[in-house]
Amino acid sequence: MMNLLKKQSSIGVGLLGLTLLLSALFIAYDNKVLWLSVSFVLMTLGGLIYFQTIYGHQLSGIKNNGVWFSALTTRGITGWLLGMGLTAFYIAIYWFPEVLGFNTQGESTGLVAFFDPLSLSLNGSPATQWFMYGTLYTFAIILFGVKFIWKYWGNRYQLFRTLSVVFFQLCFAFLIPEILAKLNPETPYFAKDLKNMWPLNYYFLDEWHLTNMLTGGNLGFFFLVFGLAMIFIGSPILTYFYGKRWYCSWVCGCGGLAETAGDPFRQLSSKKLSVWKLERWMIHAVLVFVTVTTIAAIWYFITQNPELSLISRTQFISGVVVFIIALMLILFFWNKNGLEKDAKYTLISLGSILVLSLCVQGFSGQNNILFLNSYSFQKWYGFGVGAAFSGVLGVGFYPFLGSRVWCRFGCPMAAILGLQQRLFSRFRITTNGGQCISCGNCSAYCEMGIDVRAYAQRGENIVRSSCVGCGICSAVCPRGVLKLENDGLENRINSTPYPLGNAMEVDA
């Protein structure tokens, strides 16, 4: 009875803080520092008391009790209300920021202006809707990261992983960019999230961003070199040793929110074979789309800024054509069984069309490439993928489709890391099929929609492009069947057409 009262009281305290925050939409508070602080303190206090009530008096171990009996986590009325609220918030952030009080012509009001004191202290400028969003995003990862640690207490891998995503979000995505903006007010904007690389940071090679980095002095040059090094050196090396988990589970802000705030919804991800096929087509199509957008953006940059370009337009097109042809040959001939047909032929078909288009237009001397100007590509990608997919659907649909909708179906960074992981990474999840009791916990709580049990029953290693190495499947297994490992590349993919037990020889 006391625990129930404590739980309800903590929910009330948290909702009071949230209500106070949202009231800034309608009330212009004089002492913003005080009321903003009170709002966050109440939400934090309510959350911590609630988490302590739920998990504080239990033994260490995985606690997923009641997830299939809660309206919030089984697409019930509470889940629908939360999903619709999150979706509306993202729509306002991206397309109707004036509803939140943001004013491009003068001083902002409402909820955006409520964050002015914090913004002025960190970056020296009044708050924008993006600063407000970044603050709330970081706060959610930290608060629900505490809840995640409490829930998975005793599992060292989960503790390390959660502390890692909290650290990178707080420092690399939030504090450092804001502080750099305050220390370098004369420098053009070019730093938003230091841990985001192309293609997740799809505008990294856009004309405006490249120009700002090249004219941004030592700091701009550092970010240019750092970004290119992460794309072409850091990412392949780290993926070779640790799989895509080094980014998707330990660093990425999208993954960080999915793992912490999205943890109650991980079981909602569909495990259907048809959804897996759709996932592969969609995520590789988005990767091709962002590649085309980037090629068009670089072409425009070289055309408009020849004095800042190290190569000519002809050299750029020649290099891109050679790279795409080499990539297609590698996908088709080297380790050709490493990718499913749909993933391989999607890339090869679209790559062939891209090469033909580049040759027709690129060497004809036209100012536009691929028959459209770069702005059209950027506008379509920014609206359809950068905003609608990654934000509105990616987070707003947590209570409907699970916490990794964006990561599964739309993230081009996940697509690239997945290709690397599938083809040459040392990471895999090994299985001991003889110990599997087919309880289904592993599949139920896989946020990426992988039917882990099917692999475990056959004793197969799990080497899937979509696997982010979160380790929850291993953590919830009651028999120790699954183990995250790094080993040699030989025999990584060990498919067998039968359950492990049927392979045993029996003497007559």
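The values are calculated or read from the model by the stated rules, or taken from the named source; none is laboratory data. Keep in mind the model is a prediction, meaning the values are calculated, not measured. Neighbour counts run over all protein chains shown; Cβ positions are idealised from the backbone, glycine included.
A compact table of results
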read-out	value
Those residues of region 24-47 which are among the polar types (S, T, N, Q), surrounded by fewer than 17 Cβ atoms within 10 Å (Cβ to Cβ) and modelled with pLDDT of 95 or more, in sequence order	Ser37
Positions within region 285-295 being closer than 14 Å to Ile324 by Cβ and not β-branched (Val, Ile, Thr), in sequence order	Leu287
Qualifying helices (runs of 4 or more DSSP H) (wholly inside region 369-417; at least 1 residues being touching a Phe, Trp or Tyr at 6+ places or on another chain (Cβ under 8 Å), modelled with pLDDT of 95 or more and closer than 17 Å to Trp281 by Cα)	405-409
Selection status of Ser235, surrounded by 20 or more Cβ atoms within 10 Å (Cβ to Cβ), under 16 Å from the mean Cα position of the chain (by Cα) and not charged (D, E, K, R)	yes
Test: residue in region 63-82 that is in a helix (DSSP H, G or I) and within 24 Å of Trp130 (Cβ to Cβ)	yes
Subset of region 301-321 [within 17 Å of Met213 (Cβ to Cβ) and within 31 Å of the chain's Cα centre (by Cα)]	Phe301, Ile302
Candidates Ser121, Ser108, filtered to the one that is crowded, with 22+ Cβ neighbours inside 10 Å and over 26 Å from the mean Cα position of the chain (by Cα)	Ser108
Selection count where residues are under 19 Å from Ile93 (Cβ atoms) and more than 25 Å from the chain's Cα centre (by Cα), scope region 124-151	2
Among the residues listed as Phe301, Phe316, Phe332, the single one being out of contact with any Gly (no Cβ under 6 Å at 6 or more places or on another chain) and at pLDDT 85 or above	Phe301
Qualifying residue in region 201-222 (condition: crowded, with 20+ Cβ neighbours inside 10 Å and either of a type in the set (D, E, K, R) or at pLDDT 95 or above (or both))	yes
Count of region 27-52 residues which are farther than 16 Å from Met132 by Cβ, of a type outside the set (Gly, Ala, Ser) and either in contact with a Cys (Cβ under 8 Å, 6 or more places away or on another chain) or in contact (Cβ under 8 Å) with a residue 12 or more places away in the chain (or both)	10
Considering residues of region 418-462 that are in a helix (DSSP H, G or I) and among the hydroxyl-bearing types (Ser, Thr, Tyr) only, the residue farthest from Gly396 (Cα to Cα)	Tyr455
Evaluation of Leu200 against (1) assigned to a helix (DSSP H, G or I); (2) within 17 Å of the chain's Cα centre (by Cα) (one fails), failing number	(1)
Leading residue by the ranking (modelled with the lowest pLDDT) among those in region 304-313 that are assigned to a helix (DSSP H, G or I) and either buried (at least 16 other Cβ atoms within 10 Å of the Cβ) or not aliphatic (A, V, I, L, M) (or both)	Arg313
Filter result (touching a residue at least 40 places away in the same chain (Cβ under 8 Å) and either touching a Phe, Trp or Tyr at 6+ places or on another chain (Cβ under 9 Å) or more than 26 Å from Pro117 (Cβ to Cβ) (or both)) within region 170-191	Ala173, Phe174, Glu178, Ala181
Output for region 145-159, where each listed residue is part of a helix (DSSP H, G or I) and not aliphatic (A, V, I, L, M)	Gly145, Lys147, Phe148, Trp150, Lys151, Arg156, Tyr157, Gln158
Test: residue in region 158-167 that is surrounded by fewer than 22 Cβ atoms within 10 Å (Cβ to Cβ), of a type in the set (Lys, Arg) and in contact (Cβ under 8 Å) with a residue 12 or more places away in the chain	no
Residues satisfying the stated conditions in region 83-105, i.e. surrounded by fewer than 19 Cβ atoms within 10 Å (Cβ to Cβ) and assigned to a loop (DSSP other than H, G, I, E, B)	Phe96, Asn103, Thr104, Gln105
Residues that are surrounded by 21 or more Cβ atoms within 10 Å (Cβ to Cβ) and of a type in the set (Phe, Trp, Tyr), drawn from region 283-299	Trp299
Where a residue in region 473-488 is assigned to a strand (DSSP E or B) and its partner, wherever it lies, is charged (D, E, K, R), with Cβ under 9 Å and at least six apart	Leu484/Arg245; Leu484/Arg428; Glu485/Arg426; Glu485/Arg428; Asn486/Arg426; Asn486/Arg428
Qualifying residue in region 205-221 (condition: under 18 Å from Trp130 (Cα atoms), within 21 Å of the chain's Cα centre (by Cα) and part of a loop (DSSP other than H, G, I, E, B))	no
Candidates Ser390, Ser403, filtered to the one that is in contact with an Asp or Glu (Cβ under 6 Å, 6 or more places away or on another chain), under 21 Å from Val275 (Cβ atoms) and of a type in the set (Ser, Thr, Tyr)	Ser403
One residue from Ala444, Ala387 being more than 26 Å from Ile91 (Cβ to Cβ) and in contact with a helix residue (DSSP H, G or I) (Cβ under 7 Å, 6 or more places away or on another chain)	Ala444
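Listed here are the residues, each with its yes/no results for (1) closer than 22 Å to Ile62 by Cβ; (2) of a type in the set (Phe, Trp, Tyr); (3) part of a loop (DSSP other than H, G, I, E, B).
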{"position": "Glu107", "(1), (2), (3)": "no, no, yes"}
{"position": "Leu111", "(1), (2), (3)": "no, no, no"}
{"position": "Ser119", "(1), (2), (3)": "no, no, no"}
{"position": "Pro126", "(1), (2), (3)": "no, no, yes"}
{"position": "Phe131", "(1), (2), (3)": "no, yes, no"}
{"position": "Tyr137", "(1), (2), (3)": "no, yes, no"}
{"position": "Leu143", "(1), (2), (3)": "yes, no, no"}
{"position": "Arg161", "(1), (2), (3)": "yes, no, no"}
{"position": "Val165", "(1), (2), (3)": "yes, no, no"}
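Okay, residues lined up against (1) modelled with pLDDT under 95; (2) of a type outside the set (A, V, I, L, M):
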{"residue": "Met230", "(1), (2)": "yes, no"}
{"residue": "Ile237", "(1), (2)": "no, no"}
{"residue": "Trp250", "(1), (2)": "no, yes"}
{"residue": "Leu257", "(1), (2)": "no, no"}
{"residue": "Phe265", "(1), (2)": "no, yes"}
{"residue": "Lys271", "(1), (2)": "yes, yes"}
{"residue": "Trp276", "(1), (2)": "yes, yes"}
{"residue": "Arg280", "(1), (2)": "yes, yes"}
{"residue": "Ala285", "(1), (2)": "yes, no"}
